[in-house]
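Notes for the one structure printed next.
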Amino acid sequence: MGRLAKFSSNPTLKTYMQGAALQAIPAFQQFLAPTVDVASLSGFIKRWDSKTGLLIPDTKRGNQGEAAIVGFDISDTPYRLIPNALDYPVDKMATEDDDILNELKEGADITAQLGALAALRDTTDAALAALGSGTNVNIAANGADLIKSINTAIRSVILGAKGMGPMMETRLLWGFDAFKDFTEHSSVRARFVAGKKESSELTVDNIKSLFVKPVAQMINEVVYDASPNKDAADTQFLMGRSVIVFAACTNPTRYDTSFMKTLRKRGAYMAPRFHERADGRVEYAGFDWNEQVIVGNAGAAVRINFTDS
């Protein structure tokens, strides 16, 4: 048994790892697919589609009467949290417990950060896949009105939230290039100047009043290499000129009608595991976690693509 094995139940390390995992969850992922803490590794989330309407239970009960039952059944969407893991080599030159513990803490910080980067990519990919090609808006066309296009999408999203809209936020996730297109477009700048704004610079904060209702906004800065097999990287924004308008519950559960959620095991965001390489020269701290990014209600989101034709 390796020298690290005794740390597998170390309360200080366990607490630190949970904190590192929580802090590493990107604000962007929480924005698009908020965390839902679940009790078990598998189960069901409420299925919402075009044929499913929100039924509000009657919570009133007569004396000695039975209560309405809220639950899940086989018609709902099954989930099974996906195992994730990264191994971090620990230098055998460290022999004191305090030194080893510090190395393990550093390993937790690094693996949590890298895991978060992978989650950013996976969450964006899942959102784009769920919404398909989306709707193209030709911003070069005469009379193109980008604000009207966004407002139309907002209306659709509120309807798609199936009556839970008042409990949710309507959110806009901008592709970096889409936000650039929007803020530079004549239909937007004309409305902005007409409103007598103090600054000519358009930001996610000062354009809120342009829409039919207040919306939370964020710019997606996730990038990828469009030519991974070539010598020179071709770095592109993953969402490019796309905008996703969607509904998200600020306190999500397995039941609400949010577009997306990230399911995580309650109280078990990251757990330690230790093993040696076959030759015995290197020890690894393994950092394991389980999560699943899931689309719960594709009808509560709209994808818009800005084009030039």
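Nothing in this text is a laboratory measurement; each read-out follows from the coordinates by a stated rule. Everything quoted here is computed from the prediction, not taken from an experiment. Heads up, the Cβs are rebuilt from the backbone with ideal geometry, glycines too, and the neighbour counts pull from every protein chain shown.
Annotations
- Surface/4 estimate of mean projected area, convex hull on alpha-carbon atoms of the stretch 1-78, nm²: 10.8 nm²
- Counting only residues at least eight positions apart within a chain, or on another chain, the lysines with an alpha carbon under 19 Å from that of LYS148 are LYS180, LYS208, LYS213.
- Our coupling estimate for the stretch 274-290, obtained by passing each phi through the Karplus curve with A = 6.51, B = -1.76, C = 1.60 and θ = phi - 60°, is 10, 7, 10, 5, 4, 7, x, 8, 10, 10, 10, 9, x, 10, 10, 8, 10 Hz, Gly and Pro reported as x.
- The C-alpha atoms of the stretch 86-160 occupy a region whose extents along the principal axes are 71, 29, 20 Å, arranged from largest to smallest.
- Taking every C-alpha pair closer than 8 Å and separated by at least 6 residues, the mean separation divided by the residue count of the chain gives a relative contact order of 34 percent.
- The Cα atoms of the stretch 249-300 define a convex hull whose projected area, averaged across directions, is 5.0 nm².
- Rounded to the nearest 5, the antiparallel percentage of DSSP beta bridges internal to the chain is 75%.
- Look at the dipole of the chain built from charges on Cβ: of GLY280, ILE294, GLN236, the Cα furthest out on the positive end belongs to ILE294.
- Residues whose placed amide H lies under 5 Å from that of ASN136, excluding near-sequence neighbours: ASN305
- Fraction of alpha-carbon pairs over 17 Å apart in the stretch 14-158 - percent: 78 percent
- Phi angles of the stretch 298-306 translate, via the Karplus equation with coefficients 6.51, -1.76, 1.60 and θ = phi - 60°, into HN-Hα couplings of 5, x, 9, 8, 9, 9, 10, 10, 7 Hz per residue; Gly and Pro are given as x.
- Summed over all non-identical Cα pairs, the Kirkwood treatment of the stretch 196-309 gives a radius of 19.2 Å.
- Ignoring aspartates and glutamates fewer than eight residues from LYS162 along the same chain, the ones with Cα atoms less than 20 angstrom from its Cα are ASP49, ASP58, ASP73, ASP76, ASP256.
- Column: log10 I(q)/I(0), Debye, Cα scatterers of the chain, q = 0.06, 0.07, 0.12 Å⁻¹: -0.28, -0.38, -0.92
- Shown for the chain are the DSSP H helices of 15 Å or more along their axis, judged by Cα atoms, with a mean Kyte-Doolittle hydropathy of at least 0.0: 97-131, 146-160.
- Ranked packing of 175-181, 37-43, 71-77, most packed first, by mean Cβ within 10 Å: 175-181, 37-43, 71-77
- In order along the stretch 201-218, the phi-based Karplus estimate (6.51 cos²θ - 1.76 cosθ + 1.60, θ = phi - 60°) of 3J(HN,Hα) comes to 7, 9, 10, 4, 7, 8, 9, 4, 6, 6, 9, 5, 8, x, 10, 7, 9, 8 Hz; Gly and Pro are listed as x.
- Counted charge near THR250, where neighbours are those whose Cβ lies closer than 11 Å (Asp, Glu -1; Lys, Arg +1): -1
- In terms of its Cα atoms, the stretch 113-263 spans 47, 45, 28 Å along the principal axes, sorted from long to short.
- Cα point-scatterer Debye curve for the stretch 57-127, base-10 log of I(q)/I(0) at q = 0.24, 0.25 Å⁻¹: -1.09, -1.12
- Rounded FRET efficiency, nearest 0.05, which uses the C-beta distance separating ASP225 from ILE110 and R0 of 22 Å: 0.55
- With at most 12 neighbouring Cβ atoms within 10 Å, loop GluC sites (Glu not before Pro) (DSSP) excluded, longest segment of the chain: 202-309
- Considering only alpha-carbon pairs that sit under 8 angstrom and 6 or more positions apart, the relative contact order computed for the stretch 1-144 is 34 percent.
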